[in-house]
Amino acid sequence: MKRSFLYIVLFLGLTGCIEVFDVPVNDVDLASTLIIEATLTNELSRQKILLSRPSGFEVVNELDSVYDPVYPVRVRPPSIVFERNATVTVSDDQGNAYSFQESSPGTYTSEVEFAAEQGVSYELQVVTTDGTRYGSTPERFTETATIDQIYTRRELNDIGEEGISIYLDGGSGDVNANFYRYTYEETYKIIAPSWQQQDFVLSNYDPCALPVITFDLEIIRRENEEGKVCYRTDRSEAVIQNNTLGLQENKIERFPVRFLNRNNFIISHRYSILVKQYVQSQNAYNYYETLESFSSNENVFSSVQPGFLEGNISVEGDSNKKVLGYFEVATVTEKRLYFNYVDLFPNEPLPDYAIPCFSWSPPLAHPSYCFTGPTGGLCPLSLVESVNVNLVSYTNIDGDGTGIDPCPGPYRVMSRACGDCTILGESAAPDFWIE
């Protein structure tokens, strides 16, 4: 068996749960594996289904996430290829068929709004461009449940970390509503710690001009406060489940949905979480439970043959092609919670920002990229090039430029995210946001 492993990123649940599998390369023809993410709910909406395939384990650098103090880079997680131009249909046992159109790469949205109805069976059919057909078993929901409240507690977790626990109370009067899955979307306010009214504007830049590069670099006054306050929404990535088997009644009390370390910067200002509760069938519960146990073990497929984790979706007539995923029909309820850091940690210092924010003075320009002679020196990336690729924010004038920085220039700067929070989030508050 080869030592190299390829990650299959399996998207489960339309709320963005992501589980990563380590799969021996020799055991699976990855190009033949379709990943189907499909949860049909009783919400009246344009239902969504996502289709993709794993594309390998190549890791690339990408701006926009985990930052080096000076040069922000991101290591992209195992990538996927969105499945394009498929035919996606959901049909029920009442003679209705709902067609889905590709609204964005790999995302298929129902042409009309509809809601799964109690006692009605639904089936998923997918036909890919190569003619391969995928189909699910009939699925239905029969039980409903509620979320009574979501609340916070300042406490220590099991390993002694202080933070905020988010708990849920709820349940159902239906004795058969025993299995639950939870997802959440958390939205938080970001305030750039080093936002300035001034910013750089670069124009007429020719990095290959000879004998020296040409450019116009200005410091302008911003017309608004964009980049000072931002908002970001992240979705849960873990399988979160609960069951009420063995209890006298289907009542959920103090179920832990999320723990946030007090030093997590996302709770520095205002934080909101939207929790969704799905009532599952026992088969769906068992599938997700098995999936979670797999994801908790390294190299699980070194001892488990592909196809062991079988859902309710199969490939019609071609045993060489694989499918990962589960078509779930479930009732869903949701509830939102807000809190501020100062509500729970009054008069205490805020968590550190997402990245360290310190200033440095880069050289103003750099040798022409088309110059073939010796350039000398080991200066850091120039200010002009840093502005060109949006890496830095203006801090102030450097005075005489005699600081400790190698090859100092006329201005001091910080990593872009320190002075412009749009690197980390969106400047417009979400429609649901309440201060």
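The values are calculated or read from the model by the stated rules, or taken from the named source; none is laboratory data. The structure presented is a predicted model; accordingly, all values stated were derived computationally and were not measured. Note: ideal-geometry Cβ built from the backbone for every residue, glycine included; neighbour counts use all protein chains shown. Please note that ligands, DNA and RNA were not included when accessible areas were found on the heavy atoms of the full protein model with its side chains. Shrake-Rupley method; radii C 1.70, N 1.55, O 1.52, S 1.80 Å.
Odds and ends about this structure:
- Out of Thr183, Thr290, one residue alone is of a type outside the set (A, V, I, L, M) and in contact (Cβ under 8 Å) with a residue 40 or more places away in the chain. It is Thr183.
- Within the range 173-216, tally of residues that are open to solvent by 40 Å² or more (accessible area, probe 1.4 Å), more than 30 Å from Ile150 (Cα to Cα) and of a type in the set (Val, Ile, Thr): 3
- Candidate set from the range 322-362 (those that are surrounded by fewer than 22 Cβ atoms within 10 Å (Cβ to Cβ) and acidic (Asp, Glu)); member that is farthest from the chain's Cα centre (by Cα): Glu348
- Failed item, numbered, when Arg270 is tested on (1) under 30 Å from Pro356 (Cα atoms); (2) charged (D, E, K, R); (3) modelled with pLDDT under 85: (3)
- Qualifying residue in the range 414-430 (condition: over 30 Å from Val279 (Cα atoms), in contact with a His (Cβ under 8 Å, 6 or more places away or on another chain) and open to solvent by 20 Å² or more (accessible area, probe 1.4 Å)): no
- Selection within the range 217-259: residues that are assigned to a loop (DSSP other than H, G, I, E, B) and touching a helix residue (DSSP H, G or I) at 6+ places or on another chain (Cβ under 6 Å). The member of this set that is least open to solvent (accessible area, probe 1.4 Å) is Gly227.
- Identity of the residue in the range 74-105, aliphatic (A, V, I, L, M) and open to solvent by 60 Å² or more (accessible area, probe 1.4 Å), that ends up modelled with the lowest pLDDT: Val75
- Per the conditions (1) farther than 28 Å from Gly163 by Cβ; (2) surrounded by 13 or more Cβ atoms within 10 Å (Cβ to Cβ), the sole criterion not satisfied by Ser319 is (2).
- Residues that are within 26 Å of the chain's Cα centre (by Cα), open to solvent by less than 50 Å² (accessible area, probe 1.4 Å) and of a type outside the set (Val, Ile, Thr) within the range 142-168 comprise Tyr151, Asn157, Gly163, Ser165, Tyr167, Leu168, listed in sequence order.
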